[in-house]
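Enquirer: Submitted below is the structure of interest, expressed as structure tokens.
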Amino acid sequence: MREIAGQEGGLGARDPHRQALTDDSTLAALASWRDGARTSAREVPRQLPAVVGCFSGRGPELAALTGMLGASGAEGTQTMVISAIGGTAGVGKTALAVRWAHQVAERFPDGQLYANLRGYDPEQPLAAGDVLAGFLAALGVPGSQIPAEADDRAAAYRSALAGRRVLIVLDNARDAGQVRPLLPGGPGCLALVTSRDMLAGLVARDGARRVLLDVLPVRDALALLRALIGPRVDAEPQAAAELASLCCCLPLALRLAAELAAARPAMSLIALAGELDGQGRLDALEAGADPGTAVRAVFSWSCRYLSPAAARAFRLVALHPGADFDSRAVAALAGASYPAACRVLAELTRACLLGHIGQDRYGMHDLLRAYGRELAAADTGQTVQRAALTRLLDHYQHTAATAMGILFPAHAPALPEVPPPASPAPPVADTAAARAWLDAERPNLVAAVIHAADHGWPAQAIRLASTLYYHLDLGGHYREALTIHACAHRAARSLGDRGAEAEALRNAGVVEVRQGRHLQATQHFDQALTLFRQAGDRTGQARTLGSLGNLAWDSGRYEQASEAHREVLELFRQTDNRAGQAAALVNLGLTDLRLGNYTPAAEHFQQALSLSQESGNRNCEGYALRGLGEAELARGRYPQATDHLNQALALFRDTADRKGEADTLHDFGDLNRRQGRYPRAA
């Protein structure tokens, strides 16, 4: 049984033989995917970040890595090698790993995977299970077939890598335990790990070979300054050497000092060196000093010369809960206009306090984020910080609601209402722009829900999770969906809001259905129905009863399903909810199909089609047309079935409903099979 985006009423008819295969377990689905992948073009991920500019030195380390690769026989191979690149903060671990990975990428024709594990981050390190979900998706595993449990994901990941030659770069690992589930299980692949930890467990247990990074030799440090500053280094060799010494030849410190020199072409390098030395905090860069203190001191040099607006923006941007952000998110945090936000972003990027990682996308090094938050705590009051984050949450809520209203106009009235934020909104004036914004910002939107639920914005967490429901459901983003619905449920309980609690439970139940976990789904639906009845919410009751009817349909209890959907139809009629009525009618039609009642089924689909077109519910319109196609197919009216299914397929593709598209393609396969066109059916 398939739930329709809009009112969760659509049922996806399945071939009973395929149902018998796939209902058994997630492993059956993965086996099906794997068999298909072997006979089709495999996904070849290319996830390596760009190589850092003005790279200097590291010849011995690069040669050592290449020597390990050759010694391991990684091209044919008996032994898997893990190179754990250790070193203090700012020493260039990631730069080295990425540069070498690009150099040897051609030896791994099946692709390269990359993940920043955020092992030393102000927030929690990334869970291995979350990284595995991303890697599986990159390797071509459909979202609906990615297992729910971390151990199962690790097994699926090893299966997906079997027989492939893939380079896996695991950046900024916290410890061996975080890395181990991400290691390939057999020959041909290589994992390259960077960490501030020595990763002794990987060396002792997993045979890792360690490459340790020290600060740059003076010659290479001067070469880096020369590449970044220019001829002034040769014009003032002693001053340049002094500057390198003050930076302790730490690559990150050298880059920041070079930016200060480049920004002040009239200042001599000796004057700059004297100014930096006079801060008093450069003592922290001496050997044996705490790396965190060292980096903090280096960052302070760059922050010292920021304009007041940029310095304030840096402190506030560090509060952003996501991994990256765009200029309008910065405008929201800073309470600034769009042009002003662009100006401070340019200044922060020049100062190496932000990285430009894509078109209007910016990110921060983990340590920079921690340093910025320290500054915010010291220099910005809690009231100012909370106001900034509230503006950001309002920005995401309003833009997400606008985008969802454009994509699903029939359901716009049901979206949470929030006033337009003071900050400039992104241009999401059409369906393509709306979908592109939601796709680009999805990780940030999920992070915003989590942060809101855990840090004192429960109402915002509930509203944003509800707004994102259809987007995550239609796109098959089930892991993210479960995360935000759990946050919304927690937030609703903290507020004592039974209606919101019920909504979160029902939404989570739908995700459980999508992943075949019917027992968990039933528990969620039963709890939600009780809460909706206590709250007197007839719309919530109807949607939950529809979900329970779908579960009855899935288990072959068609009479029970029909009874549930008739009750749903009556509740939606009482509330004059036409979109809900259309969904219930589609469900009734599909139930009639299973019972062999083809004429009543066609009548239900036709009524649903009319209601969907009246209410502008294009997604439900697609399911009504698909139902009509199935009814005609069952009666042997192939030309009529073809016409309806073609219309349905076009609507599903236009609304990005991948499940509806897949189900309709299945119907086309059945249609061609019945007419003896077996190759086309296949």
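Enquirer: Assign unit charges at the C-beta atoms only (+1 for Lys and Arg, -1 for Asp and Glu), then state the dipole size of the chain relative to its Cα centre in Debye, rounded to the nearest 20.
Expert: 800 debye
Enquirer: Once every DSSP H run of n ≥ 4 in the chain is given -39500 (n - 2.57) and the sum is divided by its residues, what mean residue ellipticity at 222 nm do you get, rounded to the nearest 500 deg cm²/dmol?
Expert: -20500 deg cm²/dmol
Enquirer: Say the dipole of the chain comes from +1 at the beta carbon of Lys and Arg and -1 at that of Asp and Glu; which of A138, A331, F532 then lies farthest toward its positive end?
Expert: Selected residue: A138.
Enquirer: Tally the DSSP beta bridges in the chain and give the antiparallel ones as a percent, rounded to 5.
Expert: Percentage antiparallel, nearest 5: 20.
Enquirer: With a point put 7 Å past each Cα toward its Cβ, work out how far C54 is from E417 in nm, to one decimal.
Expert: 5.5 nm
Enquirer: Note down the magnitude of the dipole of segment 495-629 about its Cα centre, charges +1 on Lys and Arg C-beta and -1 on Asp and Glu C-beta and zero elsewhere, to the nearest 20 debye.
Expert: That gives a dipole near 180 debye.
Enquirer: Run the accessible area of the chain with a 1.4 Å probe and give the carbon-and-sulfur part as a rounded percent.
Expert: Carbon and sulfur together cover 51 percent of it.
Enquirer: Give the calculated FRET efficiency between A432 and Q238 to the nearest 0.05, with a Förster radius of 41 Å applied to their Cβ-Cβ distance.
Expert: The calculated FRET efficiency here is 0.10.
Enquirer: Taking only protein heavy atoms and a 1.4 Å probe, what accessible area per residue, in Å², does the chain have with all protein chains in place?
Expert: Ligands and nucleic acids excluded, the result is 41 Å² per residue.
Enquirer: Of the listed values [x] 1.09; [y] 0.92; [z] 1.13, identify the label whose number matches Cα Rg over 2.2 N^0.38 Å calculated from this model.
Expert: [x]
Enquirer: So how do D214, D473 rank on accessible area, 1.4 Å probe, biggest first, that is with the largest at the start?
Expert: D214, D473
Enquirer: Taking 0.36 nm per intervening residue step and subtracting the Cα-Cα distance, what contour gain separates A204 from T575 on full extension?
Expert: Using 0.36 nm per residue and subtracting the Cα-Cα distance, I get 127.0 nm.
The values are calculated or read from the model by the stated rules, or taken from the named source; none is laboratory data. Computed from a prediction, not measured in an experiment: that's the story for all the values here. Here the Cβ is made from the backbone with ideal geometry for all residues, glycine too, and neighbour counts use every protein chain on show. The accessibility values were calculated without ligands, DNA or RNA, using every heavy atom of the protein model including side chains. Shrake-Rupley method; radii C 1.70, N 1.55, O 1.52, S 1.80 Å.
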